[in-house]
Structure formats: C-alpha cells, structure tokens
Number of protein chains: 4
Amino acid sequence: MKIGVIGLGRMGANIVRRLMRDGHDCVVFDKSAESVEKLEKEGATGVRDLAGLVKALEPPRSVWVMLPAGQVTSETVDALGDLLGQDDVVIDGGNSFYRDDIAHAARLKRKGIHFVDVGTSGGVWGLERGYCMMIGGDDAIVWRLDPVFRTLAPGRGEIEPTPGREGRDERAELGYIHAGPNGAGHFVKMVHNGIEYGLMQAYAEGFAILRNRCADALPEAERYDLDVADIAEVWRRGSVISSWLLDLTAAALARDGALSDYSGYVEDSGEGRWTINAAIEEAVPADVLTAALYARFRSRLDHTFGEKILSAMRQGFGGHVEQGPAAAKQGGGA
Amino acid sequence: MKIGVIGLGRMGANIVRRLMRDGHDCVVFDKSAESVEKLEKEGATGVRDLAGLVKALEPPRSVWVMLPAGQVTSETVDALGDLLGQDDVVIDGGNSFYRDDIAHAARLKRKGIHFVDVGTSGGVWGLERGYCMMIGGDDAIVWRLDPVFRTLAPGRGEIEPTPGREGRDERAELGYIHAGPNGAGHFVKMVHNGIEYGLMQAYAEGFAILRNRCADALPEAERYDLDVADIAEVWRRGSVISSWLLDLTAAALARDGALSDYSGYVEDSGEGRWTINAAIEEAVPADVLTAALYARFRSRLDHTFGEKILSAMRQGFGGHVEQGPAAAKQGGGA
Amino acid sequence: MKIGVIGLGRMGANIVRRLMRDGHDCVVFDKSAESVEKLEKEGATGVRDLAGLVKALEPPRSVWVMLPAGQVTSETVDALGDLLGQDDVVIDGGNSFYRDDIAHAARLKRKGIHFVDVGTSGGVWGLERGYCMMIGGDDAIVWRLDPVFRTLAPGRGEIEPTPGREGRDERAELGYIHAGPNGAGHFVKMVHNGIEYGLMQAYAEGFAILRNRCADALPEAERYDLDVADIAEVWRRGSVISSWLLDLTAAALARDGALSDYSGYVEDSGEGRWTINAAIEEAVPADVLTAALYARFRSRLDHTFGEKILSAMRQGFGGHVEQGPAAAKQGGGA
Amino acid sequence: MKIGVIGLGRMGANIVRRLMRDGHDCVVFDKSAESVEKLEKEGATGVRDLAGLVKALEPPRSVWVMLPAGQVTSETVDALGDLLGQDDVVIDGGNSFYRDDIAHAARLKRKGIHFVDVGTSGGVWGLERGYCMMIGGDDAIVWRLDPVFRTLAPGRGEIEPTPGREGRDERAELGYIHAGPNGAGHFVKMVHNGIEYGLMQAYAEGFAILRNRCADALPEAERYDLDVADIAEVWRRGSVISSWLLDLTAAALARDGALSDYSGYVEDSGEGRWTINAAIEEAVPADVLTAALYARFRSRLDHTFGEKILSAMRQGFGGHVEQGPAAAKQGGGA
C-alpha cells in the first residue's frame, strides 16, 4: 500500500527501506533534504513539506510519524491534524508517552482522523531482522494497516513455535500485536523497555562480580582471574540465561574483555522512568526495574549529595574522617 | 572413555544417557537400585556400591558425582578419597559451594587424587540440548576429561558465531569452559544462577505491570486489558528482550494467561544467596540480583514481622488502624 | 488573630484547639454539624457553610483548609475562590500534591486572593507537641500569618540548639520554615514523608532479622531467642539510631513483642509515591525510599502475578513443582 | 570494681575515663606507651604488657578488650587465654563478628575462663552520654560485671519512660541488655549498625531530592531553591522523622549547606555486611538495609564494570554512542 513516512533517521529510513523492499510505495519527508534525497535514490517519493506529503497521498491516507518523542512528535501530529481529512490515519511509531497518545487521538478524533500508536522495537537491526511492533488503536484501522505491519514484522522465521498457541491471533507469532485502544501500543513498548533495563542490569551485575573476583582484598585461594569473554560465550549455549542481550555482550567482550573504550556513563530514555511511574500508580512492586533505572542515574554522577550527607553524619557520630576522591579513583577499575 | 557416575536423578541419568549415546562407557551407581537397573537396561554397567564402582573402572579412573550440594556430596567425595588411588579424578558436577570445592580438592590432593568442579546448566533440557559447563581444576586433568565435556556440551549448533572470537579457545563456542583452578567452575555457575534470578524477576515485574493495567484504581482512559500471552509471544520476535526464559514464559502464558495453577510460592537455592555474599565480599553493588532474591524470600511469607512493625509505628504516630487481612486477599489477584 | 478553619477531623480540630489556647479566634466549619458543635463548646465560632465562614471573618481574611488531599480540597479551594475577596488568603494545611498547589495558587491569583501551602507534621501528637510546618507562598503573606504559625509550632522546647545556626532564620528553630514559593511547602513535607517510609522500613527489616534469629534452619549455636522489646528499649539510650520512631516501636513491643494484633497490611499515602516520582524527574537515585514504598505495596498482596511468572518459568526450565500456599502459611510468623 | 582494659583508642580510653569517674579501678594497657601514660596521669594503673595486666588484677579477674575486630582481637583473646586462670573473664567490647565470639568463648571455656561479648554503641559521644551496650554471655557472669555496665550505660536520663514496661528488666531502661548467650551481644549490635546504614541512607536520599529540586531540567514553576539546613533544623521539632542522626545532619548543614568539604566517599565496616549475610541466612528480605550498603560500595567507585557492560550492550543493539566522563563531571554536583 501507499504510505507517507515523516522522520528519516536511522529507524525511519530503515522502515522505509523494508517497506519498499516488499513493494509498498513510500512518500517520505524529513527536515533534512539530504535524508530525503538519499531515499529518493532508493525509490521513495520525496516531498518538501507536510503539505506536499499529504498531497502526494490518496485518501484515506496513512502517515507514519517516526520522530523523537515529546514536543516534535506532538507538533507534527497537530500539524497533520490541520492538513489531513476525514478517515485518514496518523501512525506514531516513535517512543511516545502513552498519555500523549491518548491526547493526540482525542484531538484528531474531533476532525474525523484516526490515530494509531505503534511501539517499535528493533533498533539498528530492524531492517534485517524486522521490527517487533505493539499497536494501539481502533480495530478496523489496525486491520486496514495490516499490510504495512506484516511487512515490517520479523515474521515466523526459524523461531520455534510456542506450544499451545493453536487458534490464537497469529499476528503475535509474526511479530506484531494489536494490544488495545490508543496508548496501549506504547504502554506495552514502555514496559518492554523497562524489562530491558532490568535484564541488562542483571547481566551487568553478574559480570561485575565475575570480573572483581581477582580483587586483592579476597583470600588468595578464593581469587579467580576469570575470562569474562569466554564466560559470556559459553552461556550462549544450552544455558538458562541465553538471550540476544547476552549475544551482544559476548560480542563486546570478545573485542575487549576490559571494555576499556567505555566509561560506563549510561543514558536512560523516558520509557524506563514511565514504567516505574506506572508500577507506582498500580501499586505493583518493581524493585528490580527500579534498581536498574537508578543504577543508570548513578552512573552519570561523580558523587551524589546524599553520599556527602552520609560522610557528614559519619563524622558527626564517629569522628570518621573521609578518605579523599584519590582513593575513589583507585577503585575505578571495578 | 570410561567413566563412573554417582547419582542418577534427573540430571545424572540424562548425563549418562548423553554420554552413552556418544559411545562412552558408563559405570553407574545410585542408592536407588531401581535407578541403577533402569540405566543398566539402557546399556550402562550398574554397581551396588562405591567400592564396586571403583573396581569396575581402570586407573586412572574418572568418577562424576552428581548429587545434591552439601553434606551428601561432601560425604561421597570423602568416601571416594578413601577408595580411589593416585592420579584418579573426582568430578563434582552438582551445584556445590565453591569453598567446598576448595576444601574437597585439598583433602583429595593429599592422597594424590585430582578434583574437578563442573557447574552444569541445562536442567531437564540437557539430554536434548546439551549441557553448558563451567569447569574448575588443573589444566592437564581438564584436558584429560575433554572427551566427556565435548560430548556433554551442546556444541556449536545453529547459534550464530560471535564476531571477533577468531583464535580464541574454541571450547567456549562448543559450550564449555575451563574457568580456572578449583572452585572457579562452580563460582561461575553460581553467578550464572544469580543472573538468572535477576532476569526472571525483571520479566516477572514487567508482566505484573502489564496485567495490573486493568485495575479499577486507574483512570478509565488509561486502563488496558492486555493479553499477556500475546505480548510474551510477540517479544520473542525481533525484540531486544527475546531470550530462552521469555520462550518459557510465552509457553506458560499460552496455556493459561492467568497462571491460575501457580500460587507464586518461589523457592531459591544456594547459588542465588552465595552470589550476593560474593558481591558483598567484593564490595560490588548488586541491587538487582539481591532484589530478585528477596522477592523470592517474600513470596514464601504470609506477612513479615517487619510489616507488623510498620503497622505498629503507624498506629503510634498517626493513630492509623490497620486494615485486616480480608482486604489483603482482595489484592491477591495482582 | 482571627482565622477560619475548614475540616475538623483529628488534625483540624486539634489545630483549632492549639490556636484557641494561645488566644486566637477561630471560626470553624465542617460538613459534620456535630464536629462544629463540639468545638463551639470549647470556644470556637461555628458556622453552617462556607458563606457563613467568610461572613464571620473580616478582610483581609485567612482561611485554613484541613481536608483530605485531592478532589475535596480542590473543590473547597475553588469554592472559597468564589466567596473570598481581594487580599484574602487561603491556607491549605493538608497533604496536597505540590502541583495542585501551583494550580490552586494560579486560579486564586486571578481573583487577587493569596494562597499558602503548609505541610503539617505532627499526627495525633500535635496538640500537645506542636506541629512542624513547611510553608510555601509569598513572603509578605507568610509573615502576615506568622502569629498563627508561631502558635502552632512546637517552639524551641528542650531540644538542644544546633551549633552554627547563629544569625540564621530563627523560625526553623521554632518548628516552621518558609520553604519557598507555592508548592514548596508541600514539596518539603512530601520528601519528609518519603524519608519517613525509609526510616520505618530500616527499623522494620532490622527487627525482622532479630526476631527470625531463632529459626530452626540456622545452626543451633547461632540461634538466639532475642527479646525485641528490650532491644528497642536499650537502643533509645545513647545509641546512634535513637529516634522518635524508635520510641514508638519500643512502646508497641513493650505491649506485645510478637505484635500479634497486627497483620502487617500497610497502607501508603500519596507522599511516598510522589517522592519517588520527584526523584525520577530529578534523576536522583532513591533506592531506599523506593524499596520502602514497594515493601508496603507487597504487604497488601497475597501473591503477585510476577511471583506466579517465576513459578511458571522454574517449572519450564527445571521441572520444579511449586510448593503450595499451605507451606507459605507456615512461614507467616516471620 | 577493678577491671583491666586493653586498647586505649578513642573508645577504650573514654571507657576507662567513664569507669574511673564512677570509682572503678582500671588497669590499662595499649601497645602505645603514650596512651598508657596519658591515662596513668588521669588515675589509671598502667602496665607494660598482658602479663603485667594479669598480675595487677586479683582473681576472679575481668579484662575488657577494646581493639579492632578481627585478627588483633582474636590474638589478644587467645593470649589472655594463656595468661588468665579459672573463673576469670574476658570481655570483648569491640565490633567482633558474632561467630568469632562463639569460637573465642569455646576456646576459653576449655580453660575455665568466661567470655562476654559486648556490642558498644556511643562513638565519640560515649564519655559524656554513656554507652549503649548489648551483651552476650552466661547469666551469672553478666551479673558479676553489672557494676561496670551500670557505670558505662547512659542511665535513664531525661528520656521519657516507655509505657507498659513496668515489671520488665530495668537494665534496658538504663541502657544495657543481656541479649543472650555468647555472640548474641555482638549480633544485636551488628543489626543495630545495619539499621543505622538504612536510616542514614533514607535521610541521604531525601536531602538529595530536596537539593536537586533546582535542577534546570525541571519545569520552571516546579523548581525550588530549598534551604536544606533550615529544613533539617525544622524537622528536629515535632516531626515524625526527628532523631539523633537528623540532629547531626542539621549541624553539618548549618556549617555548610553544600557540604563542600566532603567528597561523598563512604566507608562501610563489617557489621553492615554481616547484617545482610544474616538476613540471607534467615531468608528475611532486607531490601532497604542492602540498598544502603550498596550505595556505600558504589560511592567509592568511579565507574563499575557493570556500567561499562550496559554501555556496550546499548551500543550493540541501538548504536548508542556513550557520552564521555566529561559529561559525568557536570553531574557531579548532585
């Protein structure tokens, strides 16, 4: 089918490519003319502004927005609301907050325009492996877009079927689901990322324990100089903790077991935070997901004010004089 | 090669089967005569006691002990120490504490007997998928046993090779590693299980957040009735959090999305605890692995004394009268 | 000075009493006529509705709202906005969310009415001990209300002065502060309650470790049957962890060291949750405050869905059959 | 009574002083002759070695050991075992591990010598405020030493009696308890310190949230420039979270609200770690106490290996290029 795509960054451009490979017509726009030109050469129809994009599509139109979550996405959705008409559909494939989806959908609905939110997982690997998609919106509209989702999804591939799924919605096995009404798609994607933080932190802590097993402070007989690259590799085979994240870890450690190119300054994006906010709203304990988020916060700080409070208290009750940051540097290898 | 195997439970029996399938001779013993007979019918040589086992092997003998960690294993290792001779080797393939390995190795060494500790992952799937093994011991002895490890390991299979591993120890790619001196094998396996707890808890919390999204306490527009079985399934394809543990979760949820057959009473074994002890010894923060362990502790309690302390304090400073356990039951579905 | 007070629950009624004791005139209103009558007998001027309350005060009027946070408070503030006039002031002494304060203040400002938010700590003990108050609003208005705050605050009492405070705002030493603009008062109170959760949980966990030291699973020589009531008492004297919360714990344990009257079902109010949300917004790690909140969530659940996920996974990879809830009950005494 | 004291550091010397003030005879020894001389001038009997100390006392002798936990204490206890006789008693007032107590007591018992373990809280303030003591040992011996404990303890002071304690062991109200058999004293002190870590971290996180409320990343209307010194001060009066630790925090913040003299490098001693080990042995969830310990571990590291693992994974699946440590430094003020 014919579809407009706005936002031709790494994710957006590859989505266009995967769609075109499977025979879809893509009308593409990005504020960078260069990005548009590049995809034009690969077969897409480039346009110079949103109005041009709307003009190049036929009703009922479908426009996939693939922009950073927040203000840019909101402004684009609103601008599309002014340009599109009755029964057209706006798809937000970015990482928007599910409450923003609900607001966007409500604003568009007043003009008879549909809204579909798509949580899209796949990162830089999506072009090749396909995108795992979690979709929120009205049933009829999600079905209307089904050819697009089917193309973008990874498909069954060589992954073994789950026993007991006979008779269930096959879309899940193809790599996309209609999760529920507007917001549900991004909500599920949000929790997906929350889990991702937790999984990553579990591996991170485990490897830290392995690597620090050679510490001088330990009794000599219990000190091991472990090869974390080989350990990551062996766990990929037949072990309970094999996973794609472990595959990536094994690859990074094979390059350099000390990971000396990395400082350990770890960003977080909105989804991890929103997941915790959602857990709190639901009164669901989420100790692991939260600890994983906090580890990232902490990784970006030299010292926290809280730690200074601790030092001040210790001096207050015990006369303990703090060791300086020089000492801290020595510990930096951990 | 010829090898003795002691302990024919689920793991031990399947290890014997996988060894025999590949042409190894197995002399087997278990305190249950029935277990011995069963494997005799499948081609193993059964014996009636440890002395018989030692007699049925030729020096230098190899004896694989596959028993519950702790006292039983210790006693068996010591008994073998009395029966075996110079240059024989005892292999502990169970889940022993790495400090016990160090002690066992030292006691056997005095008699000229070698000791090898093997952390063995694979569970009920090992016969078919192979066992991921982490090995501690002297280099020469580990090489002597290599035919056994090569048979038990999963092998390369269809798992994509990790880029950058050219020229490295190929054993890791076959599914087993020589991690270091005695204890190192079980130490690595211990951390493996610690990570396993963390990964499991990350998924558990995420699915709990999804499932509780229909709670009445939430604003109606933000309430979603999500199909957790389909969500687990879709995440198996092209998503960052795909893993074997997720495959298992998808299978369980496909059977029953409410998991009503489970009460949520979750055991833990020694490895998870020892991992935290090791982290503390090394002064490595392990927030996620610890929270995962504590969630299991808590799952087995009705209420903690600590929670009663909280209620008592709240009554003390605020006159808050506690809601009864009746209310708690209502929350039980979460 | 003359002041109106709306909401005569435990906190509101005692605030009126403490104000009257010190010579202030109180005009009081509550939806319960009985509550109004009771305070009339003690010397307050009772009124039958908000209009009557406004009428009974002279401009510039001061009205203290002491109602449950959320809708009731918002509606009352808005209703007062319709009744009060230029330069009057509405004080919200409840536990409102600081963002609601900002909205309330903005709405009142359009009508020339001032707004002051007061986080009020003191619980059932405030009448006797005084109220610790954290105030947000414009400087001039906070000073206008100073006689009220001075009366309600605990005052210097017998608490030893903090060295180094010479020349600083003496109000902090009297037990109230002007924290900042609107919302700042309730923000500080919110963090106060967040800390409170953390402190309580620290004691709770410690006492649980003490009480479970007699567990059968421990080696006999390391099993102690500790008297937690005496322990709480002794820590009140000369120890680093003495506090008012410990005093309350000691009193509860002196009544019954097993706390058998409590089930351990622990409520949480908004402040604990908002504190975590604030930490996340600021990217400040708050592991302890969050764990304390989650312990309360967990205390109100029979089992979590996440725990069932764990059991299902364990059965999947290891064939582990879950022990039933019967076993869980046995653990209930912990 | 007459008592020997070994170890005249800050704690030991003040214990001697408090004992002498109340009329006890102290025979003192320290490897530093200067420390011995100093106390001789204040009225103690100085000796030059352990043998001299034993000689200067009359049977049944009492010797209080006040040395760093671990090897020094063990060696001294063993040396005293060689010098003392039947019915003499060794008191370990340091921070020894409770399992060491059990071993020490067993070794001394073989020679007819008694052992008493005393967890001693009071820090640099003990001379003036008295020491809170938690005692393990045989009943008769603990009573024999009662005059010493009674002198060292803070006594009732001006602390309000706990209602409901009528008829209970009055020693708790004087500031010392006989907790149980050997090891029980140090066990209770250990948990005391574990709780201390948790309380400290709760305050630390709360103050960090307050101080970071002026962060540029927040919406302007919700940004507050809070005076943490005044906030700490006001919470000392009438608030639920008043405590001695808060008093100390208020004093530190009154000197410098930014705590710029501290780097935030926070040591931990054995007790915090042992408390977590004990919780794990008992299968008691201790999320808060553990998180507090880990925050200290993390405070001493520049970056963890785990954080590098996270960065490597993020690059692997998302192509995320890590921001450098330069950026981390900017965040250092938090």
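Derivation of every value follows stated rules applied to the coordinates shown; laboratory data play no part. Note that this is a predicted model, so its numbers are computed, not measured. Neighbour counts are summed over all protein chains in view; Cβ atoms, including those assigned to glycine, are modelled from backbone coordinates with ideal geometry.
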Gyration tensor verdict on the stretch C:42-187 (Cα atoms; rounded if a/c is under 1.5, prolate if a/b is larger than b/c, oblate otherwise): prolate
Highest-fluctuation residue, B:Leu57, B:Leu84, B:Leu210 considered, GNM on chain B with Cα pairs under 10 Å: B:Leu210
For the stretch B:1-62, convex hull volume per residue from C-alpha positions, Å³: 65 Å³
Unit charges at the beta carbon, dipole of chain B: most positive-side option, B:Ala184, B:Leu145, B:Ile309: B:Leu145
Separation in nanometres of the label points that stand 7 Å from Cα toward Cβ, at B:Asp216 and C:Glu40: 3.8 nm
Angle in degrees between helix B:10-21 and the longest Cα principal axis of chain B, rounded to the nearest 10: 50 degrees
Rounded FRET efficiency, nearest 0.05, which uses the C-beta distance separating D:Lys2 from B:Asp139 and R0 of 60 Å: 0.45
For chain D, built as a Gaussian network whose Cα springs stay under 10 Å, the top-fluctuating residue of D:Ala254, D:Ala33, D:Ala217: D:Ala217
Tilt relative to chain D, helix D:305-318 - C-alpha long axis, 0 to 90 degrees, to 10: 20 degrees
q = 0.16 Å⁻¹: log10 I(q)/I(0) that the Debye formula gives for the stretch C:1-119, counting C-alpha atoms only: -0.67
Sites matching trypsin sites (Lys or Arg not before Pro) across the stretch D:1-83 that sit in DSSP coil, with at most 10 neighbouring C-beta atoms within 10 Å: D:Arg48
Inter-site label distance for B:Glu166 and D:Asp225 at 7 Å from Cα along Cβ, in nm: 6.1 nm
Chain C: most fluctuating residue of C:Gly136, C:Gly94, C:Gly155 per GNM, C-alpha cutoff 10 Å: C:Gly155
Dipole magnitude (debye, nearest 20) for chain D, charges at Cβ of Lys, Arg, Asp, Glu: 420 debye
Acute angle (nearest 10 degrees) that the helix A:71-83 long axis makes with the longest principal axis of chain A, alpha-carbon atoms: 10 degrees
Linear extension gain, D:Asp256 paired with D:Gln86, 0.36 nm per residue minus alpha-carbon span: 55.6 nm
Other-chain or far-sequence residues with amide H under 5 Å of B:Val116's (modelled H): B:Val90, B:Ile91, B:Asp92
Peptides B:225-231, D:185-191 ordered by average Cβ neighbours within 10 Å, highest first: D:185-191, B:225-231
Considering only chain B, percent of DSSP beta bridges that pair antiparallel, nearest 5: 20 percent
Estimated distance in nm for a label pair at A:Ala51 and D:Lys55, the labels positioned 7 Å out from Cα along Cα-to-Cβ: 10.8 nm
Residues A:Ser269 and D:Ile159, FRET efficiency given R0 of 51 Å [Cβ-Cβ distance, rounded to 0.05]: 0.50
Compactness relative to 2.2 N^0.38 Å, alpha carbon Rg of the protein assembly as shown: 0.99
Counting DSSP beta bridges with both ends in the protein assembly as shown, the antiparallel % (nearest 5): 20 percent
Kirkwood-based Rg to Rh ratio, the stretch C:102-231, C-alpha trace: 1.20
Dipole axis of the stretch C:189-304 (+1 Lys, Arg; -1 Asp, Glu on Cβ), positive-most option in C:Gly206, C:Ala279, C:Ala258: C:Ala279
Value in Å of the Kirkwood radius, where the stretch C:189-304 supplies the Cα pairs that are averaged: 15.9 Å
Rg/Rh for chain B, where both radii come from Cα atoms and Rh is the Kirkwood radius: 1.05
